[in-house]
Amino acid sequence: MTRVALLGVLLAGCGDAAILELTLELPAASARCDSAIARVDARFLAADETACPVATGEWRGDALDVAVGDTPSTLIVDVVADDDEVELPLCLRLRPCDGPGCPRHDPLVDPSLVAELARPFHRGQRTRWTLTVRDLCFPDDRGVIDACAIGGCTDEIRASYCRDDGSHLCD
């Protein structure tokens, strides 16, 4: 397992930092794809009033380049929100590719996985979410991940991290 602090993603203020511990579970590289997948380009950005960009759109978010090996791997990334981004959704795109920066990736043809985490950050709290990718050749979009699916503010593993009234345990 590899642990990376991705401080450049969303620069944090001190003290009341809101941190999402994002676990990426990636399968082994597959020879079934048309091209050899050697890397995954992961992009993160705070969504504004609009939804996350589609997989084929331009992503201005910060990038993390991950090598994919012969065995499954787990990468843990700390994504830290700036004060003005705590209330915003977080967009995540994983794009399998054949080399750093995906030089031959055709966004109109090649698959990407896009997920929008509805409210992953809570001021002064550490939250967590795991993304398990089963197939790099044909990753499936995850759509919007409900805030109640984002763990935090308890050591318990729960089906929902919200109270009966719908508020998150971290609120």
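The values are calculated or read from the model by the stated rules, or taken from the named source; none is laboratory data. Source: prediction; values computed, not measured. For neighbour counting, all protein chains shown are included, and Cβ atoms are generated from backbone atoms with ideal geometry for every residue, glycine included. To get the accessible areas, we keep the full protein, side chains included, count just its heavy atoms, and leave off ligands, DNA and RNA. Shrake-Rupley method; radii C 1.70, N 1.55, O 1.52, S 1.80 Å.
Every listed requirement among (1) at pLDDT below 75; (2) farther than 28 Å from Thr127 by Cα is met by Glu49 save one, (2).
Of all the criteria given as (1) of a type in the set (A, V, I, L, M); (2) under 22 Å from Ala46 (Cα atoms); (3) surrounded by 18 or more Cβ atoms within 10 Å (Cβ to Cβ), the one not satisfied by Leu136 is (2).
Evaluated against (1) assigned to a loop (DSSP other than H, G, I, E, B); (2) modelled with pLDDT of 80 or more; (3) open to solvent by less than 30 Å² (accessible area, probe 1.4 Å), Ile37 falls short on exactly one condition, (2).
Test Val144 against the stated conditions and say whether it is of a type in the set (A, V, I, L, M, F, W, C), open to solvent by 40 Å² or more (accessible area, probe 1.4 Å) and closer than 18 Å to Leu20 by Cβ. Show your work before the answer.
On the way: of a type in the set (A, V, I, L, M, F, W, C): yes; open to solvent by 40 Å² or more (accessible area, probe 1.4 Å): yes; closer than 18 Å to Leu20 by Cβ: yes.
Yes, satisfied.
Quick check on Leu108: is it aliphatic (A, V, I, L, M), at pLDDT below 90, within 20 Å of the chain's Cα centre (by Cα) and part of a loop (DSSP other than H, G, I, E, B)?
Working: aliphatic (A, V, I, L, M): yes; at pLDDT below 90: yes; within 20 Å of the chain's Cα centre (by Cα): no; part of a loop (DSSP other than H, G, I, E, B): yes.
Taking the combined requirement at face value, the residue does not satisfy it.
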